[in-house]
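Trainee: Quick one: the structure is below, and I'll ask about it shortly.
Read the figures in this text as sums done on the coordinates, not as results from a lab. Treat the numbers as computed from the prediction; the structure is a model and nothing was measured. In this analysis, Cβ positions are derived from the backbone assuming ideal geometry, glycine residues included, and neighbour counts consider all displayed protein chains.
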Amino acid sequence: MDQPRKKRRARRGEPLPEGGILVVRGDLLDPDELESDARDNFDVYGFYGISVYAEVGGVDVDWIAGHKLRRAEWLVLFEVRHVLGAGLDLWDTGLSPHYDVVHADVVELVTRLVGCQHRLLRNVHYEEGGS
Amino acid sequence: MTAPDIALRANLNNEDDEGRNWALLRDAMDPAAIVEGAVVTAGTERFWSWVRIHRIDPDGQVHFEQLDADEARRISVERRSA
């Protein structure tokens, strides 16, 4: 049976955010879930990617937490410089402020991201899924 | 409130090119229940939401948008009475 072709992921063509910019992912960093998400992304778009949001285009962590990630009780914050310093790429995929953290090897992607310096923050805008 | 059974395993960080969340149909508890317009729960036990299914692509990518519980209830009632 023919496999469906991978989709071409839209890139915005923006310059990389500066090193001190914060990158946010909703929920705790669970390596198994990260790997599963990266593999799902590969199956659709043809690259291993982990979705995050960045403080670009006039939005900050507070806005991201309240608009994009309000169902996440926990937020993980990275700095762009630490993500790139770990040998990971940051692709400006979809609509701003969405990005994918990317590496050609899925195990390296997860290991390097989990190993990046980061902070865990409780989401002050958290709204439980049933609310 | 305890998280309900999740109808569509998903990561709510994921966004498609139109800014909607997405998941894969293979991760649905009952793929037959994932149809356009359906209101279901999506996510994980820790990070979930009521959602409305927007579109299902031939490759199994499911696009959806998050709803508040009140919206989910209202839309479900409307769909049942339609």
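Trainee: Calculate for chain A the 222 nm mean residue ellipticity that helices alone would give, adding -39,500 (n - 2.57) per DSSP H run of length 4 or more and normalising by residue count, nearest 500 deg cm²/dmol.
Mentor: Working: 4 runs with 38 residues, N = 131.
Computed ellipticity for chain A at 222 nm equals -8500 deg cm²/dmol.
Trainee: Continuing with the same structure: If you add up the charges near residue B:24, with Lys and Arg at +1 and Asp and Glu at -1, over every other residue whose beta carbon is less than 11 angstrom from its beta carbon, what do you get?
Mentor: Working: positive: A:39, B:9, B:26; negative: A:37, A:40, A:43, B:27, B:57, B:59.
The answer is -3.
Trainee: Residues of A:123-130, mean number of Cβ from any other protein chain within 10 Å of their own Cβ, rounded to a whole number? Intermediate results must be reported in sequence, preceding the final value.
Mentor: On the way: counts 0, 0, 0, 1, 3, 6, 19, 11.
For this peptide, the per-residue mean of nearby foreign Cβ atoms is 5.
Trainee: Give the order of A:99, A:126 when sorted by the count of other beta carbons within 10 angstrom, beginning with the fewest. Walk me through the numbers on the way to the answer.
Mentor: Numbers: A:99 29, A:126 18.
Fewest-to-most ranking of A:99, A:126: A:126, A:99.
Trainee: OK, next. Need the C-alpha centroid separation for region B:46-63 versus region A:72-131, integer Å.
Mentor: 21 Å
Trainee: Here is a follow-up. For region B:8-81, what ratio Rg/Rh do Cα atoms give with a Kirkwood hydrodynamic radius?
Mentor: Result for region B:8-81 is an Rg/Rh of 0.94.
Trainee: Of the residues B:55, B:26, B:46, which exhibits the maximal mean-square fluctuation in a Gaussian network model of chain B defined by a 10 Å Cα contact cut-off?
Mentor: Its mean-square fluctuation being the largest, the pick is B:46.
Trainee: May I ask you to work out the translational diffusion coefficient for region A:21-88 at 25 °C, viscosity 0.890 mPa s, via Stokes-Einstein with Rh from the Kirkwood sum over Cα pairs, reported in whole µm²/s? Can you show the working numbers first?
Mentor: On the way: Rh = 12.9 Å.
Translational D for this selection: 191 µm²/s.
Trainee: What list do you get for A:52, B:39, B:62 if you sort them by fewest beta carbons within 10 Å?
Mentor: Details: A:52 23, B:39 20, B:62 28.
With the sparsest Cβ surroundings first, the list reads B:39, A:52, B:62.
Trainee: Give me A:35, A:128, A:18, A:55 ranked fewest to most by other Cβ atoms within 10 Å of their Cβ, as a rough exposure proxy. Present the calculation step by step, with values, prior to reporting the outcome.
Mentor: Details: A:35 17, A:128 14, A:18 11, A:55 21.
With the fewest neighbours first, A:35, A:128, A:18, A:55 line up as A:18, A:128, A:35, A:55.
Trainee: Sticking with this one: Determine how many Å³ per residue the convex hull of the Cα atoms of region A:9-131 encloses.
Mentor: On the way: hull volume 12.9 nm³, N = 123.
Value for region A:9-131: 105 Å³ per residue.
Trainee: I need the phi-derived Karplus couplings for region A:88-98: 6.51 cos²θ - 1.76 cosθ + 1.60, θ = phi - 60°, integer Hz, Gly and Pro marked x.
Mentor: Taking θ as phi minus 60°, the curve returns 9, 9, 10, 9, 7, 9, x, 9, 4, x, 7 Hz for region A:88-98.
Trainee: What do you get for Rg/Rh over the protein assembly as shown if you use C-alpha atoms and the Kirkwood form of Rh? Could the numbers behind the result be given before it?
Mentor: Numbers: Rg = 16.8 Å, Rh = 17.5 Å.
Rg/Rh: 0.96.
Trainee: Only sites in a loop by DSSP and with at most 14 other Cβ atoms within 10 Å count here; which GluC sites (Glu not before Pro) in chain B make the cut?
Mentor: Values: sites: B:15, B:18, B:36, B:45, B:65, B:71, B:78; in loops: B:15, B:18, B:36, B:45.
Listed in order of number, the matching sites are B:18, B:36, B:45.
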